[in-house]
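Reviewing the structure listed below.
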Amino acid sequence: MAPLLSLSVEDVLRVNGSRRFAAAMAAASPFATLADALLAARRIWLNEELAEWNAQYREKFGFVFMICASGRTTPEVLAELKRRYVNRPIIELEVAAHEELKITELRLAKLFSSEPMVPSPRTEGPAIKSDKAAGTSVTNNDGRSGQLMDIVDNVTPGFYRISFNTAKYAPSGFFPYVSIIFEIKANQTAEHFHVPLLHSPFSFTTYRGS
């Protein structure tokens, strides 16, 4: 049997300048084969990269990266973090809330593992894509928004969301943002849609206008 290979921090620093990586590799040794060492190196390196991206994410958004990681590998989680990092804060806050709900549902399922799990209304509802913005605008002094989408004869039927950054207008209010989801049916594609938001620091209401 070949002898186990022990690595010191100095040994690893000869091939990689990251002292944190070197310390982790040294702590994981000894290794029976090169394959074992490479496997450990990949795992440690991905975890280090994930930690660095987590720190960048928290600095940008002000909260930790939230993802339902069940069944996902470290590379998959890292790839999703990088993809979501470019989101606007108002969008990412909603995505993170959905991920936290998934985690809660899984934990509830474990509590009721002997009983069938009833799907939540959210999982039975329509899938809304959060990363495809049709347009943005800023309200004027009268509280009216500019054009959000290109003017077309017929819009695509489906579910749409309008998100309002209400914290900009009421920083101490209860609702930092308001997101309204509505459906345009196939027989409504040529109609005009006016979706007002009446907002105060502690309440809001909406309706379909004319």
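Under a crude label model (7 Å from the Cα following the beta-carbon direction), how far is His192 from Ala35 in nanometres?
Inter-label distance under the simple model: 7.0 nm.
Do the sum for the chain: with -39,500 (n - 2.57) for every DSSP H run of n ≥ 4, divided by all residues, what is the mean residue ellipticity at 222 nm, to the nearest 500 deg cm²/dmol?
-12500 deg cm²/dmol
What is the distance, in nm, between label points placed 7 Å from the Cα along the Cα-to-Cβ direction at Phe174 and at Ala134?
3.0 nm
What is the angle, in °, between the Cα long axis of helix 74-85 and the longest principal axis of the Cα atoms in the chain? Nearest 10 is fine, range 0 to 90.
40 degrees
With a 10 Å Cβ neighbour count serving as the proxy for reagent exposure, in which order, fewest first, do Phe204, Phe174 appear?
Lowest to highest Cβ neighbour count: Phe174, Phe204.
Order of 47-55, 190-198 by packing, highest average Cβ count within 10 Å first?
47-55, 190-198
Over what distance in Å are the Cα centres of region 144-210 and region 1-50 separated?
For region 144-210 versus region 1-50, the Cα centre distance is 53 Å.
Compute the angle between helix 34-61 and the longest alpha-carbon principal axis of the chain, please, reported from 0 to 90 degrees and rounded to the nearest 10.
Between the helix axis and the principal axis of the chain, the angle is about 30 degrees.
HN-Hα J couplings of region 88-94 from phi, Karplus 6.51/-1.76/1.60, θ = phi - 60°, integer Hz, Gly and Pro as x?
Listing the rounded values in order: 6, x, 5, 6, 5, 4, 6 Hz.
No lab work stands behind these numbers, since they all come straight from the coordinates. These figures come from a predicted structure and were not determined experimentally. Virtual Cβ from ideal backbone geometry, glycine too; neighbours counted across all protein chains shown.
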